[in-house]
Amino acid sequence: MANSLFFCFSLLLLLPFSTQNAYPKTPDPNPIPSPSPAHTELTNYGFPIGLLPSAVKNYTLDRTSGDFIVDLGGACKVTLPPDNYLATYSKKITGKIVQGKIAEINGISVRAFFQWWSITGIRSSGDNLVFEVGVVTAKYPSKNFDESPACEGRHSSS
């Protein structure tokens, strides 16, 4: 009797382990997409991934000159932290990147003070990013750009 009681007790202990993988896992309704190669490249040059929206389709980079082209597959609108500025990204963004500096940017505009401004450069300065709009600059903590924003009004598969 002691052996059969021990056998039943052992089965009860093993039951949770045997059924643990019996049911399929429910997919995460909000999976965090892995960064694209273009986002990873940003980090290689000292920038957070949130400078680009998550909708990157393709990119090219000339490592000698620093010239780059980012293809988003279509125009993109995002709200930028921390002041909730509306920004638009053209289908194609171009510029020149070196360690800690992105220059000659074409294709990114931000709405501030009731008009649209083209962002022409971004510099990394310690824990901050300095955005250049012509000769005017604005400084924000780089931690505000740790996550890549989704394009508003677009599905993540587009």
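The values are calculated or read from the model by the stated rules, or taken from the named source; none is laboratory data. Quick caveat: nothing in here was measured; it's all calculated off a predicted structure. All Cβ positions, glycine included, derive from the backbone under ideal geometry; neighbour counts span all protein chains shown.
Observations on the structure shown:
- Applying the criterion of being under 16 Å from the mean Cα position of the chain (by Cα) and surrounded by fewer than 20 Cβ atoms within 10 Å (Cβ to Cβ) to the residues of segment 52-72, the residue that is farthest from residue 101 (Cα to Cα) is 57.
- Some residue of segment 135-149 being more than 23 Å from residue 44 (Cα to Cα), touching a residue at least 60 places away in the same chain (Cβ under 8 Å) and not polar (S, T, N, Q): no
- The residue that is nearest to residue 103 (Cα to Cα), among those in segment 73-88 that are among the hydrophobic types (A, V, I, L, M, F, W, C) and surrounded by 15 or more Cβ atoms within 10 Å (Cβ to Cβ), is 87.
- Those residues of segment 93-124 which are of a type in the set (Gly, Ala, Ser) and within 16 Å of residue 38 (Cβ to Cβ), in sequence order: 95, 107
- Checked against (1) out of contact with any Leu (no Cβ under 8 Å at 6 or more places or on another chain); (2) closer than 28 Å to residue 153 by Cβ; (3) among the aromatic types (Phe, Trp, Tyr), residue 45 passes all but a single condition, namely (2).
- Condition check for residue 102: under 18 Å from the mean Cα position of the chain (by Cα), at pLDDT 90 or above and within 21 Å of residue 54 (Cβ to Cβ): yes
- Tally, over segment 68-107, of residues that are closer than 21 Å to residue 151 by Cα and among the acidic types (Asp, Glu): 2
- Residue match in segment 124-145 (condition: under 19 Å from residue 61 (Cβ atoms), buried (at least 18 other Cβ atoms within 10 Å of the Cβ) and either at pLDDT 95 or above or not charged (D, E, K, R) (or both)): no
- Evaluated against (1) within 23 Å of residue 46 (Cβ to Cβ); (2) surrounded by 16 or more Cβ atoms within 10 Å (Cβ to Cβ), residue 118 falls short on exactly one condition, (2).
- Single residue of segment 39-51 satisfying the filter (in contact (Cβ under 8 Å) with a residue 12 or more places away in the chain and farther than 17 Å from residue 144 by Cα) that is surrounded by the most Cβ atoms within 10 Å (Cβ to Cβ): 41
- Subset of segment 124-145 [more than 20 Å from the chain's Cα centre (by Cα) and of a type in the set (A, V, I, L, M)]: 133, 135, 136, 138
- Flag if residue 110 is at pLDDT below 95, surrounded by 14 or more Cβ atoms within 10 Å (Cβ to Cβ), touching a strand residue (DSSP E or B) at 6+ places or on another chain (Cβ under 7 Å) and within 23 Å of residue 57 (Cα to Cα): yes
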